[in-house]
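Take a look at the structure below.
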Amino acid sequence: MTQRWREHRASYRPAGETIDPRRFGVELVDERDAKAFVIRNHYSSSFVAARRSVGLWRSRGAVWAPELVGVAVFSVGIQPKAITRWCGRPPNEGIELGRFVLLDEVEANAETWFLRRAFAELRRELPEVRAVLAYSDPMPRADATGALTLPGHVGTIYQAHNGRYTGRSSRRTIFLRPSGGLVSGRAIGKIRGGERGGGPEVDRIVADGARRPRLCEDLSTWLAEVLAAPPFRALKHPGNHTYVWPLDGRRDTAATLAPQAGSYPKIVDTNPNNLTLETR
């Protein structure tokens, strides 16, 4: 079974399906269109700092009239050191696969077909990029009522595309919204750093049930206070699974990647209710 998304709802395609390549195309997509597609359909309801976005296009009739049915977003990582750690390259020579989403109508074997061509597009667009890093979050998510909103992922499509499994990223504390969605590290960074775009992130947290910051209140202090209390939940996350690929086909690039960390993971982490609540 292969997972798909549409408007944040998961569904599954049966194994054994094959796409008709004559009805599909892969090419760059404008960031504005990619952002709208990802926010509308990806389970995170969020976008990333994109460097390039590649679209999977499908045409239904005899005349080529494509519509967007999938997006791969190659992005700047939140932690530039991650590229050096996992890819063994300077930050400018690596890139993250920050978002990858296909609609529920796309056949089950489309991921690897699309990903291979998206990598080729990326290589043409950014020849200085020599390696790709992807994360897979294995921790299930539940909303405030306990209803499962995200089943957790082990990176099945990355395994199918021969990604090198390089272990888990660092453990960290994450903050869940009442919906079960994540208060992203990027959002937290924007607020703490007073960056452009921090205001809308404050508004989102207030809309989730936090009090609004007082006039002249330090936003870092405000953020620490509201995230430590309901309706937000602080959880200890054991780390995402990581996968890397050499993009340029060179032996020296492959040699610098972090070593294989055992066999591919097959089971997601335990139910979030079994994870330790962060005490403060």
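The values are calculated or read from the model by the stated rules, or taken from the named source; none is laboratory data. All values derive from a computational prediction rather than experimental measurement. Ideal geometry is used to build each Cβ from the backbone, glycine not excepted, and the neighbour counts take in all protein chains shown.
List of remarks:
- Hits in the range 66-107 - residues which are assigned to a helix (DSSP H, G or I) and either within 20 Å of Phe37 (Cβ to Cβ) or aliphatic (A, V, I, L, M) (or both): Ala82, Ile83
- Qualifying residue in the range 259-267 (condition: under 30 Å from Leu122 (Cα atoms), of a type in the set (D, E, K, R) and at pLDDT below 95): yes
- Of all residues in the range 249-268, those being among the small types (Gly, Ala, Ser), in contact (Cβ under 8 Å) with a residue 12 or more places away in the chain and either under 17 Å from Ala134 (Cβ atoms) or crowded, with 16+ Cβ neighbours inside 10 Å (or both) number 2.
- Qualifying positions in the range 213-237 - buried (at least 16 other Cβ atoms within 10 Å of the Cβ) and either under 19 Å from the mean Cα position of the chain (by Cα) or not small (Gly, Ala, Ser) (or both): Pro213, Leu219, Trp222, Leu223, Val226, Leu227, Phe232, Arg233, Leu235, His237
- Among the residues listed as Ala134, Ala110, Ala120, Ala72, the single one being over 15 Å from Ala50 (Cα atoms) and touching a Phe, Trp or Tyr at 6+ places or on another chain (Cβ under 9 Å): Ala110
Yes/no per residue for (1) among the small types (Gly, Ala, Ser); (2) modelled with pLDDT of 90 or more:
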{"position": "Pro14", "(1), (2)": "no, no"}
{"position": "Ile19", "(1), (2)": "no, no"}
{"position": "Ser46", "(1), (2)": "yes, no"}
{"position": "Leu56", "(1), (2)": "no, yes"}
{"position": "Gly61", "(1), (2)": "yes, no"}
{"position": "Ala65", "(1), (2)": "yes, no"}
{"position": "Ile78", "(1), (2)": "no, no"}
{"position": "Ala82", "(1), (2)": "yes, yes"}
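- Breaking point among (1) under 25 Å from Ala187 (Cβ atoms); (2) in a loop (DSSP other than H, G, I, E, B); (3) among the aliphatic types (A, V, I, L, M), for Ala62: (1)
- So Leu122, is it surrounded by 16 or more Cβ atoms within 10 Å (Cβ to Cβ) and either out of contact with any His (no Cβ under 6 Å at 6 or more places or on another chain) or at pLDDT below 90 (or both): yes
- Among the residues making up the range 10-42, those that are part of a strand (DSSP E or B) and in contact (Cβ under 8 Å) with a residue 60 or more places away in the chain are Ala10, Ser11, Arg13, Phe24, Val26, Glu27, Leu28.
- Search result, residues across the range 154-190 that are touching a residue at least 60 places away in the same chain (Cβ under 8 Å), basic (Lys, Arg) and closer than 20 Å to Ile39 by Cα: Arg186
- Against the list (1) in contact with a helix residue (DSSP H, G or I) (Cβ under 7 Å, 6 or more places away or on another chain); (2) exposed (fewer than 15 other Cβ atoms within 10 Å of the Cβ), the condition Trp64 fails is (1).
- Residue count for the range 23-60 satisfying the condition of being more than 22 Å from Tyr135 (Cβ to Cβ) and not hydrophobic (A, V, I, L, M, F, W, C): 9.
Condition check ((1) buried (at least 16 other Cβ atoms within 10 Å of the Cβ); (2) closer than 21 Å to Ala120 by Cβ; (3) out of contact with any Pro (no Cβ under 8 Å at 6 or more places or on another chain); (4) not hydroxyl-bearing (Ser, Thr, Tyr)) across all residues:
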residue: Ala15; (1), (2), (3), (4): no, no, yes, yes
residue: Trp57; (1), (2), (3), (4): yes, yes, no, yes
residue: Gly70; (1), (2), (3), (4): yes, yes, yes, yes
residue: Phe74; (1), (2), (3), (4): yes, yes, yes, yes
residue: Trp86; (1), (2), (3), (4): yes, no, yes, yes
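- On the stretch given as the range 49-103, residues that are over 23 Å from Asp248 (Cβ atoms) and among the β-branched types (Val, Ile, Thr) total 5.
- Hey, Ser179 of a type in the set (S, T, N, Q) and either under 15 Å from the mean Cα position of the chain (by Cα) or on the phi > 0 side of the Ramachandran plot (or both) or not: no
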